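Just so it is clear, none of the values below were taken in a lab; they were calculated from the coordinates. Here the structure is a predicted model, which is why all the values come from computation and not from measurement.
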Amino acid sequence: MELSLKKRRAVATLAVVAITAVAAVGCSPAPKALLAVERTDMGGARVLVAPCPEYSAQLLSVAGSGGNIGFKRWAIVNDAMGGPLDSVELFSAPQGWSVAESELSDLKGGRTYTVVLDGGVRGMGLDGEVSFTPDRFEALKPGQVLVRDGKGARTIKKSEFMKNDSGRCTPD
């Protein structure tokens with residue numbers, strides 16, 4: 001049975017709320033380094049997904065908080081409810097994905113942004129997350145990416161992030 005766009009958006013919104021609630025109370029394992037954020041040649045943001053065989057991505061969201069915006073989010077959901085995803089230009093849905101929320105449309109100063117990827121391997125949940133500020137993002141040089149470091153981000157070489165690492169691809 002195929003879900004309507006309205007129902008997919010509702011499912012995506014509920015998933016984001018559930019992920020946020022679980023993360024807030026600390027009942028799930030910490031997200032692994034499945035995500036990195038890089039600056040494109042045009043200055044936009046691209047999210048990279050680590051090379052993990054059998055990983056099925058279902059939902060990707062970016063939430064912004066701080067400044068005078070309060071809390072806003074942009075989220076996409078996989079139309080097939082799972083499947084491969086290697087990169088996403090933020091604020092643009094890739095083929096096979098639909099925008100579920102669109103309150104956020106760019107990265108502005110004075111705020112903190114958190115990108116969350118929800119998915120799994122062989123039916124077991126495996127999520128990724130990275131938080132950063134626009135200043136950290138703007139400071140990225142070609143060949144550098146931001147990855148999770150505690151609740152923030154650290155800068156590493158893109159080639160280091162793209163190496164195979166079975167530890168980050170295995171659900172806890």
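Quote to one decimal, in nm, the extra length available between S87 and D172 on full extension: 0.36 nm per residue of separation minus the C-alpha distance between them.
28.2 nm
Kirkwood Rh, Cα Rg: Rg to Rh for the range 132-172?
1.03
How far, in nm, would the chain grow between D135 and T40 when pulled straight, counting 0.36 nm per residue and subtracting the alpha carbon separation?
Net length gain for the segment: 32.7 nm.
Considering every Cα-Cα pair within the range 30-172, what fraction, in whole percent, is farther apart than 19 Å?
More than 19 Å apart: 48 percent of the Cα pairs in the range 30-172.
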